[in-house]
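Got a structure for you, questions after.
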């Protein structure tokens, strides 16, 4: 084998360099602590008639954290894509309404942002994802419609288990905005999860929950107030359509709200105590116009930073 050219010269130069001068001790790299706990709030603003208010500026908003005014660090009103879960009651109480809901949900998808990604969760006493395996999310409207229309309306109702499953799946989505649309009468007679546990899960997530409450006046098991709780805690809203036409209008309203919302971010105050902190956002654009702001009820405070080496 031929000797490698210049190998001896290279080793000699390296030895001379290494022995010249005193040995240097490498200093450890500094540890930088940075805050990563920016609280981001999805915000919807409506007027007294429920009409969406767009075009507001950062200076039109004030944020209060547990009653203390905070400086807004981040603000956007862009029409950004979202990850959206359609959580559809497929129990016996939905018999006769399922077709209307499927048509309205499909129309909703057509009105949404072109880059929105969707998934469906169907539930009766069981809970299952509607898209075929291994599809987690879809932008294909034909595939979404097939997932919506494939579930029969029969059996009991595991609403809490379904919302809990949807909250978990939602966090796998790739879009910054995240929303669930829950279609049900609010009744539950088959879940292993409790309402309090699901509320806790929802408070700790980034989801906005919209509820479409379809209640038969003669159904004693319906509990629309539970849907209202889920929506209120996350900055969403509950709608109570009375007819198929109203169902269609409600889904159109939800699509507009998701696309017309604001996102506000602030750094929470330093606090030694972890726990739930309440948030209030006020909008004032002048002109004595009464504006109603919907956002999350609060957030969970935790460690204020993480260490990066």
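Just so it is clear, none of the values below were taken in a lab; they were calculated from the coordinates. It should be emphasised that the depicted structure is a prediction, and the values quoted were computed from it without experimental measurement. So basically every Cβ, Gly included, is an ideal-geometry build from the backbone, and we count neighbours across all protein chains shown.
Show log10 I(q)/I(0) for the chain at q = 0.06, 0.08 Å⁻¹, two decimals, from a solvent-free Debye sum over equal Cα scatterers.
Computed log10 I(q)/I(0) values: -0.29, -0.44.
In a Debye calculation with equal point scatterers on the alpha-carbon sites of the stretch 113-200 and no solvent, what is log10 I(q)/I(0) at q = 0.18, 0.26 Å⁻¹?
Log-scaled intensity ratios, in q order: -0.83, -1.41.
Still on this model: With labels modelled as points extended 7 Å from the Cα through the Cβ direction, what inter-label distance (nm, one decimal) is found for residue 110 paired with residue 79?
Spacing of the two 7 Å Cα→Cβ label points: 1.7 nm.
Below 8 Å between Cα atoms, with a sequence gap of 6+, how large is the relative contact order for the stretch 58-192 in percent?
Over the stretch 58-192, the number comes to 33 percent.
Rounded if a/c is under 1.5, else prolate if a/b beats b/c, else oblate: with a ≥ b ≥ c from the C-alpha gyration tensor eigenvalues square-rooted, which is the stretch 167-265?
oblate
Inverting the mean 1/r over all pairs of different Cα atoms, compute the Kirkwood radius of the stretch 53-94 and quote it in Å.
About 14.5 Å for the stretch 53-94.
Ranked from highest to lowest mean number of other Cβ atoms within 10 Å per residue, what is the order of the peptides 55-62, 170-177? It would help to have the intermediate numbers written out before the result.
Numbers: 55-62: 14.1, 170-177: 16.2.
Taking the mean over residues of other Cβ atoms within 10 Å, the ranking is 170-177, 55-62.
When you count, for each residue, the other Cβ atoms within 10 Å and take the mean per peptide, how do 259-268, 186-195 rank with the highest first?
259-268, 186-195
What FRET efficiency comes out for residue 126 versus residue 242 if R0 is 30 angstrom and r is the Cβ-Cβ distance? Round to the nearest 0.05.
0.55
Let me ask something additional. Given 0.36 nm per residue, what is the gain on full extension from residue 69 to residue 145 after removing their alpha carbon distance, in nm?
Numbers: separation 76, 0.36 × 76 = 27.36 nm, distance 4.51 nm.
Additional length available on full extension: 22.9 nm.
Still on this structure, I have one more. Using a Förster radius of 41 Å, what is the FRET efficiency between residue 154 and residue 174 based on their Cβ-Cβ separation? Nearest 0.05, please.
Working: r = 34 Å, r/R0 = 0.83.
Efficiency, from the Cβ-Cβ distance: 0.75.
If you don't mind, there's one more thing I want to ask. Work out the P(r) tail for the stretch 82-259: percent of alpha carbon pairs separated by more than 25 Å, whole number.
22 percent
Can you give the % of DSSP beta bridges in the chain that are antiparallel, to the nearest 5?
In the chain, DSSP labels about 60 percent of beta bridges as antiparallel.
In the stretch 82-259, what percentage of the DSSP-assigned beta bridges are antiparallel, given to the nearest 5?
Rounded to the nearest five, the antiparallel share is 15 percent.
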